[in-house]
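Participant: My questions will all concern the structure given below.
The values are calculated or read from the model by the stated rules, or taken from the named source; none is laboratory data. Small disclaimer: the values here were computed from a predicted structure and weren't measured. Positions of Cβ are backbone-derived with ideal geometry, glycine not excepted, and every protein chain shown enters the neighbour counts. What goes into the accessible areas is simple: the full protein's heavy atoms, side chains included, and nothing from ligands, DNA or RNA. Shrake-Rupley method; radii C 1.70, N 1.55, O 1.52, S 1.80 Å.
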Amino acid sequence: MLRRLITTTALLAAALTGAAGGTAAAADAPLRDLAEARGIHLGTAVTGGKLTGAYADTAAAQFGSLTPGNEMKWGSVEPVRGQYSWTGADRIVDFAEAHGQRVRGHTLVWHSQLPSWVSGGTWTPDALRAVMTDHVTTQVTRYKGRVHQWDVVNEPLNEDGTLRQSVFGATLGESYIADAFRAARAADPAAKLYLNDYSTDGVGAKSDGMYALVRRLLAQGVPVDGVGFQAHLILGQVPASLEANLRRFADLGVDVAVTELDIRMTLPATAEKLDRQKADYAAVTRACLAVTRCAGITVWGFTDSDSWIPDFFPGQGAATPYDEQLNPKPAYAGIAGALAPVAPPGPAGCTATYTAQSQWGGGFTGQVTVRNTGTAPLAGWTVGWEYPAGQRITQAWNAAVTQTGTAVTATHLPYNGTVPAGGSATFGFNASWTGANPPPAALTCS
Ligand code: 9MR
C-alpha cells in the first residue's frame, strides 16, 4: 500500500489548488506526475504523424507512457514478408525517450491489421508458426530495452470466451499464444509481456474465458507477465465488477493494466453527459489504484480529434479526456481528481480525562472523555487507570469496562471507536468506594 501514498508535498499542494479552483486547467500537476506519485503509469495512444505542436506538447507533458495507435502493428512494420519498415514506430519510441516516457508496444500478434501476405496466405501449422515467431523475435529484438510492455497477443478470444478462430487460432490452436510469448521473452527478457483483449473489463463469459486461459498458460510456464483490459466503454456503463475483475487476475500472480480506455457517448456531447463521463473516468482510475498490481492506465487517444470512435460508431464520440481543440474536458478533471495525492496518515494519538460527576454514601459516578489529538481518525481506543484506594466499577455505559484488582481498562464499543482527528468520545461508569475516593492520578489512552 505504501506505493499509493504521496510523498511529494509540492504535488499535494498543486492538487489542492486544482481542487479549490474546480477546473481541470487549475490542476496544474500533470496527470503523469499525479499517476507516478500513486504508483501507476498514465499513458496514451498516439498517432506518430501528429507528434508536433500542441498535440506533441500535451502528449509529452501529461502522459508518462505512449502506445503507438497503429505504427507497431504487423501490417505497418512488415507489410511485405521479411521487409520491415520501422519509421513510424521509431518516431514514437524516439519521442517517448526524448520526453522521459515509457512505451507500451502494441501489438505483435493480432488477427486484424495484418498484412495480406499473412491474412490471405495458405499456411501449414509449421509455416505459420515459423512466420509468427520470426515476426515476434524481429520486432521485440529491434526495441529491446526500449519497450517496457508488449501486447504480445491481442484479442485472442470470442465474446463467449472461446478461442477466436483467427488465422492463428484456426491454424495453430491455443498453442500459438504460448509460442508468441516464449519468442518475446527470449528476445527481450526484461520487457513485460501482456495478453490484451476487449469486453473483458467486467466479470462475464469473455473475462471468465480469459481468466481460464491465463491460468492454463501460467500452469504451462508460459511467460505471461500481465493482462490488459482495453476498456472501450460506454457512457454510464463502467462495469461494477471492474475492480473485482482486475483483482481476480492479479491474484493469479500477473500484473493488470487498463490499456485502451475511452468512454463514448451519443453526440452531441452535453454538459450533463460530460459530467457523467468525468465520473466514469474517475471510477476506472480508482479501480486501477485499488488493485496493487494494476500497473497503469492508457487512454486510447487523448483528444477527441484522434479517436477511432466516430469512424467505427457513427453518431458516437467525445470519448477521450480532451476535446478536438485540445482543451481538457471534465473527464480530465475526473482522472486528475482520482489521482489526487493521498495525505499520509499523521501520528496517531489520544488523551483521556476524568471528571467526577456525583458521589453519595458508598457510590459515585465518573465520566471519561477520550480526545483524538492526532491528525488521522482513531480506529478504536483503550483507556486505563488505577484505583489504589479500592474503588470498584459496578456499571458502565458507552465503553466496555473491566477491572482486575486496582487496574481498570475501558475499551470502545462498536459504535464509538472511530473518532475523527480533533474529535472526542465520552463514556461513564458507576463505582463503589469506602474510606476515600481520590480521582485517578493518571489515565492512559491508546
Ligand atoms: O486506434 C486504432 C485505429 O486507428 C484503427 O483504425 C483500428 C483498426 O482496427 O485500430 C484501432 O485500435 C484498436 C487497437 O489496436 C486494438 N483494440 C481496438 C482498437 C480500436 O479499434
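Participant: Within the stretch 103-111, can one find any residue that is of a type outside the set (Phe, Trp, Tyr), open to solvent by less than 30 Å² (accessible area, probe 1.4 Å) and without any contact (Cβ under 8 Å) to a residue 60 or more places away in the chain?
Facilitator: Keep residues of the stretch 103-111 that are of a type outside the set (Phe, Trp, Tyr), which gives 103-109, 111.
Right, trim to open to solvent by less than 30 Å² (accessible area, probe 1.4 Å) and you get 103-109.
After this cut, where a residue has to be without any contact (Cβ under 8 Å) to a residue 60 or more places away in the chain as well, the list is 103.
Looking for residues that are of a type outside the set (Phe, Trp, Tyr), open to solvent by less than 30 Å² (accessible area, probe 1.4 Å) and without any contact (Cβ under 8 Å) to a residue 60 or more places away in the chain, one finds at least one in the stretch 103-111, hence yes.
Participant: For the stretch 334-446, list the strands (runs of 3 or more DSSP E) that sit wholly inside it and hold at least 1 residues that are among the acidic types (Asp, Glu) and open to solvent by 50 Å² or more (accessible area, probe 1.4 Å); which are they?
Facilitator: Working: elements: 350-360, 363-372, 382-386, 392-397, 400-404, 407-411, 424-432.
Passing ranges, in order: 382-386.
Participant: Can you go through Ala60, Ala35, Ala54, Ala45 and tell me which one is aliphatic (A, V, I, L, M), in contact with a His (Cβ under 8 Å, 6 or more places away or on another chain), open to solvent by 10 Å² or more (accessible area, probe 1.4 Å) and outside any loop (DSSP other than H, G, I, E, B)? Before you say what the answer is, go through the steps one by one.
Facilitator: Numbers: Ala35 fails: open to solvent by 10 Å² or more (accessible area, probe 1.4 Å); Ala54 fails: in contact with a His (Cβ under 8 Å, 6 or more places away or on another chain); Ala45 fails: open to solvent by 10 Å² or more (accessible area, probe 1.4 Å).
Unique residue meeting the criteria: Ala60.
Participant: Of the residues Thr259, Thr285, only one is at pLDDT 95 or above, outside any loop (DSSP other than H, G, I, E, B), more than 16 Å from the ligand (Cβ to nearest atom) and within 16 Å of the chain's Cα centre (by Cα); which? Spell out how you get there, then give the answer.
Facilitator: Values: Thr259 fails: more than 16 Å from the ligand (Cβ to nearest atom).
Step by step, each of Thr259, Thr285 is checked, and only Thr285 is at pLDDT 95 or above, outside any loop (DSSP other than H, G, I, E, B), more than 16 Å from the ligand (Cβ to nearest atom) and within 16 Å of the chain's Cα centre (by Cα).
Participant: For the stretch 189-198, what are the residues that are within 13 Å of the ligand (Cβ to nearest atom) and over 18 Å from the mean Cα position of the chain (by Cα)?
Facilitator: none
Participant: Could you give me the residue pairs with C-beta distances under 8 Å whose first residue belongs to the stretch 234-246 and is among the acidic types (Asp, Glu), whose second residue is open to solvent by less than 60 Å² (accessible area, probe 1.4 Å) and assigned to a helix (DSSP H, G or I) wherever it lies, and which are 6+ apart or on separate chains?
Facilitator: Glu243/Ala287; Glu243/Ala290
Participant: May I pose another question? Quick one: how many residues across the stretch 196-226 are part of a loop (DSSP other than H, G, I, E, B) and not acidic (Asp, Glu)? Walk me through it before giving the result.
Facilitator: Pass one, the stretch 196-226, residues part of a loop (DSSP other than H, G, I, E, B): 198-204, 220-225.
Those still in the list that are not acidic (Asp, Glu) too: 198-200, 202-204, 220-224.
Here the count works out to 11.
Participant: Are there any pairs with C-beta distances below 6 angstrom linking a residue in the stretch 153-170 that is farther than 24 Å from Asp225 by Cβ to a residue that is of a type in the set (Phe, Trp, Tyr) and away from the ligand (no atom under 16 Å from the Cβ), with the two at least 6 apart or on different chains, and if so which?
Facilitator: none
Participant: Check off (1) crowded, with 21+ Cβ neighbours inside 10 Å; (2) away from the ligand (no atom under 16 Å from the Cβ) for Gln230 and give me the number that stays unchecked.
Facilitator: Going through the list (1) crowded, with 21+ Cβ neighbours inside 10 Å; (2) away from the ligand (no atom under 16 Å from the Cβ), Gln230 breaks only (2).
Participant: A further question follows. Can you find a residue that is of a type in the set (Asp, Glu), touching a residue at least 40 places away in the same chain (Cβ under 8 Å) and open to solvent by less than 50 Å² (accessible area, probe 1.4 Å) anywhere in the stretch 316-330? Walk me through it before giving the result.
Facilitator: So in the stretch 316-330, the residues of a type in the set (Asp, Glu) come out as 323-324.
Next, from what is left, pick out any that are touching a residue at least 40 places away in the same chain (Cβ under 8 Å): none.
Looking for residues that are of a type in the set (Asp, Glu), touching a residue at least 40 places away in the same chain (Cβ under 8 Å) and open to solvent by less than 50 Å² (accessible area, probe 1.4 Å), one finds none in the stretch 316-330, hence no.
Participant: List the pairs whose first member sits in the stretch 339-360 and is touching a residue at least 24 places away in the same chain (Cβ under 8 Å), whose second member is part of a loop (DSSP other than H, G, I, E, B) and among the basic types (Lys, Arg), and whose Cβ atoms are under 8 Å apart, counting only residues at least 6 apart or on separate chains?
Facilitator: Hits for this filter: Leu339/Arg38; Pro341/Arg38; Val342/Arg38.
Participant: Is there any pair with a first residue in the stretch 368-390 that is in contact (Cβ under 8 Å) with a residue 12 or more places away in the chain and over 13 Å from Ser446 (Cα atoms) and a second that is hydroxyl-bearing (Ser, Thr, Tyr) and part of a loop (DSSP other than H, G, I, E, B) whose Cβ atoms are under 6 Å apart and which are 6 or more apart or on different chains, and what are they?
Facilitator: Glu386/Thr406; Tyr387/Thr406; Pro388/Thr406
Participant: Follow-up. Report yes if Pro30 is at pLDDT 95 or above, within 15 Å of the ligand (Cβ to nearest atom) and closer than 24 Å to Asp255 by Cβ, otherwise no.
Facilitator: Numbers: at pLDDT 95 or above: yes; within 15 Å of the ligand (Cβ to nearest atom): no; closer than 24 Å to Asp255 by Cβ: yes.
For Pro30, the condition - at pLDDT 95 or above, within 15 Å of the ligand (Cβ to nearest atom) and closer than 24 Å to Asp255 by Cβ - is not met.
Participant: To continue, here is another question. From the list Val153, Val147, pick out the single residue that is within 16 Å of the ligand (Cβ to nearest atom) and more than 18 Å from Met210 (Cα to Cα).
Facilitator: Val147
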